[in-house]
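Notes to accompany the following structure.
Throughout, read-outs are computed from the coordinates displayed, never taken from laboratory work. In this text the structure is predicted, and so the values were computed from the model without any measurement. A quick note on method: Cβ atoms are made from the backbone with ideal geometry, for glycine too, and the neighbour counts reach across all protein chains shown.
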Amino acid sequence: AQSVTQPDIHITVSEGASLELRCNYSYGATPYLFWYVQSPGQGLQLLLKYFSGDTLVQGIKGFEAEFKRSQSSFNLRKPSVHWSDAAEYFCAVARRYSTLTFGKGTMLLVSP
Amino acid sequence: NAGVTQTPKFRVLKTGQSMTLLCAQDMNHEYMYWYRQDPGMGLRLIHYSVGEGTTAKGEVPDGYNVSRLKKQNFLLGLESAAPSQTSVYFCASTEWGGKSSYNEQFFGPGTRLTVL
């Protein structure tokens with residue numbers, strides 16, 4: 001069965017430091033992968049997506065993610081974190097009819 | 001263009017009561033979805049619809065029913081609410097791309113439901 005694992009429940013990063021959030025997937029076919037962000041009390045916003053082609057994907061708000069088939073990973077990165085990036089981040093893999101299987105999320109805390 | 005809207009934003013029910021959550025989208029999307037979000041569990045798919053008049057079960061369908069009588073609306077019903085259904089419910093939609101497509105979903109702001 002398809003699944004998505006986000007190994008880190010919480011991550012704390014200092015403002016201005018770099019960030020990497022991990023995502024591993026289990027999927028038989030070519031995966032279609034997404035990262036969503038959720039600010040407190042809000043809905044989900046799409047950061048970026050990978051369908052095919054270039055394995056380094058650029059998204060909004062300065063985020064990028066790299067698809068590595070050999071490692072079954074789709075890690076999210078940002079070179080310099082801002083306090084406004086504090087939120088919960090979800091990795092997801094798309095299935096038939098565009099249904100999504102989500103990871104359990106990683107809560108990002110940004111320290112001053 | 002409001003995108004995806006959900007009604008109500010908050011609701012408190014007593015065990016055994018029934019209610020309907022309404023999701024509306026103005027993007028002419030074919031596919032619509034209902035998720036529930038619980039702490040430490042991520043989002044889990046309850047039911048979805050691939051077009052007007054169609055519905056299908058997701059990962060956690062028990063205790064819920066849905067209807068898609070109009071293309072722009074997707075209703076989620078709880079016939080007899082239980083405390084285990086206390087959660088935040090999100091609706092989402094996306095455009096049709098055939099069964100092999102994997103388009104991004106657009107999410108509503110959520111409904112926070114508490115069942116006492």
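Quick one: net charge around B:Gly42, please, counting Lys, Arg +1 and Asp, Glu -1 for every other residue with C-beta under 14 Å from its C-beta.
Details: positive: A:Lys104, B:Arg36, B:Arg44; negative: A:Asp8, A:Glu88, B:Asp38, B:Glu59.
Summing Lys and Arg as +1 and Asp and Glu as -1 gives -1.
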Given the candidates A:Gln58, B:Gln72, B:Pro61, the one whose Cα lies deepest towards the positive end of the charge dipole of the protein assembly as shown, counting +1 at each Lys or Arg C-beta and -1 at each Asp or Glu C-beta, is B:Pro61
What residue among B:Gln72, B:Gln17, B:Gln105 has the largest mean-square fluctuation in a Gaussian network model of chain B, using Cα springs under 10 Å?
-> B:Gln17
Could you work out the local net charge near B:Val60, counting Lys and Arg as +1, Asp and Glu as -1, over the other residues with Cβ closer than 11 Å to its Cβ?
-> 0
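Net charge around B:Ser93, counting only other residues with Cβ within less than 12 Å of its Cβ (Lys, Arg = +1; Asp, Glu = -1)?
On the way: positive: B:Arg68, B:Lys71; negative: B:Asp26, B:Glu30, B:Glu95, B:Glu104.
With Lys, Arg at +1 and Asp, Glu at -1, the neighbours total -2.
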Average partner chain C-beta neighbours within 10 Å, per residue of B:37-46?
-> 5
Mind jotting down the distance between the C-alpha centroids of region B:65-107 and region A:50-112, whole Å?
-> 23 Å
Subtract the Cα-Cα distance of A:Glu20 and A:Ser72 from 0.36 nm times their separation in residues, and report this length gain in nm to one decimal.
-> 17.2 nm
Checking B:Phe106, B:Phe74, B:Phe90 against a Gaussian network model of chain B (alpha-carbon springs below 10 Å), the top fluctuating residue turns out to be B:Phe106
Taking chain A as a Gaussian network, Cα atoms linked when under 10 Å apart, which of A:Phe34, A:Phe67, A:Phe51 shows the biggest mean-square fluctuation?
-> A:Phe51
